[in-house]
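The values are calculated or read from the model by the stated rules, or taken from the named source; none is laboratory data. As the structure is a computational prediction, the values presented were derived from the model and not from experiment. Using ideal geometry, Cβ is built from the backbone for each residue, glycine included, and neighbour counts are taken over all protein chains shown.
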Amino acid sequence: MKTHSVFRVGEMSTARIEAFSDGVFAIVMTLLVLEIHVPRVTGDDISAVLAKSLLSLMPKFLSYILSFGIVSIWWVAHHHFFDLLQKSDRGLLWFNNLFLLWLAFVPFPTALMGDYPAARVAVMTYAGVMALAGLSFSWMRYYAFFLAGLSHAHLDRQLIRGAMLKSILNPSLHVLAILVAFASTKVAIGLLVIIPLLFFFPSALERQTHAEFSRAHHATG
């Protein structure tokens, strides 16, 4: 059976896949904070003991903030990606689910690294899950742009290729963080903090589509 007979069938709108994905994003972002529990303390000086307990939770707070930032950046990228598509198909549905599989798993390595920030295996697990999520997202974009032809025809192909290169940089840097963790977990965590900052700013493709939308809005306004 040919691959295209399995995936490249059933052309449809992107509305339901976007709605379903937004629901998963919302659940994941909620689960991240649910991994942080209020400390239970007793004694005569509750404030002092509580302050010490909160301080001990700092790694969990930081891992939560890091993961919330990364998931937020993925949500923005996911939103923009689907805005570039004119249709969906069976393959995109399944590849989006593959991305959501790793996304939904993010709360676990987040809690793991929050509990064991100095443990190499915890940092490597975190970076590994992020790498797999980033790789699946990059593959989904490649499939839609280059294999299935699901994007709008007017898009600049050179800008699409540039956006793909930037996309694949995400999992590549997370793989690098895994390798760095063998030498230093602190440096690896520092790299994990830097990675989402690199993707905060819009790509050239995003700026172009924003400019086109603005021109179209003014023309019809």
Residue check: is F137 surrounded by fewer than 19 Cβ atoms within 10 Å (Cβ to Cβ), touching a Leu at 6+ places or on another chain (Cβ under 9 Å), of a type outside the set (D, E) and closer than 21 Å to I27 by Cα?
no
Within the set of pairs 6+ apart or on separate chains, which have a first residue in segment 47-72 that is more than 26 Å from N170 (Cβ to Cβ) and surrounded by 13 or more Cβ atoms within 10 Å (Cβ to Cβ), a second that is of a type outside the set (A, V, I, L, M) and modelled with pLDDT of 90 or more, and C-beta atoms under 9 Å apart?
L54/F61; L57/G114
Could you check how many residues of segment 173-199 are farther than 19 Å from P117 by Cα and loosely packed, with under 15 Cβ neighbours inside 10 Å?
2
Modelled with pLDDT under 90 and buried (at least 20 other Cβ atoms within 10 Å of the Cβ): is that true of A127 in this structure?
no
Any hit, segment 91-100, residues being at pLDDT below 95 and part of a loop (DSSP other than H, G, I, E, B):
no
So P109 clears everything in (1) under 20 Å from V28 (Cα atoms); (2) touching a residue at least 60 places away in the same chain (Cβ under 8 Å); (3) buried (at least 20 other Cβ atoms within 10 Å of the Cβ); (4) under 17 Å from the mean Cα position of the chain (by Cα) except one condition, right? Which one?
(2)
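Out of curiosity, is A26 touching a Lys or Arg at 6+ places or on another chain (Cβ under 9 Å), in a helix (DSSP H, G or I) and modelled with pLDDT of 95 or more?
On the way: touching a Lys or Arg at 6+ places or on another chain (Cβ under 9 Å): no; in a helix (DSSP H, G or I): yes; modelled with pLDDT of 95 or more: yes.
So A26 does not fit the description; no.
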Quickly run through segment 140-159 and pick out the residues that are among the hydrophobic types (A, V, I, L, M, F, W, C), in contact with a helix residue (DSSP H, G or I) (Cβ under 7 Å, 6 or more places away or on another chain) and surrounded by fewer than 18 Cβ atoms within 10 Å (Cβ to Cβ).
L159
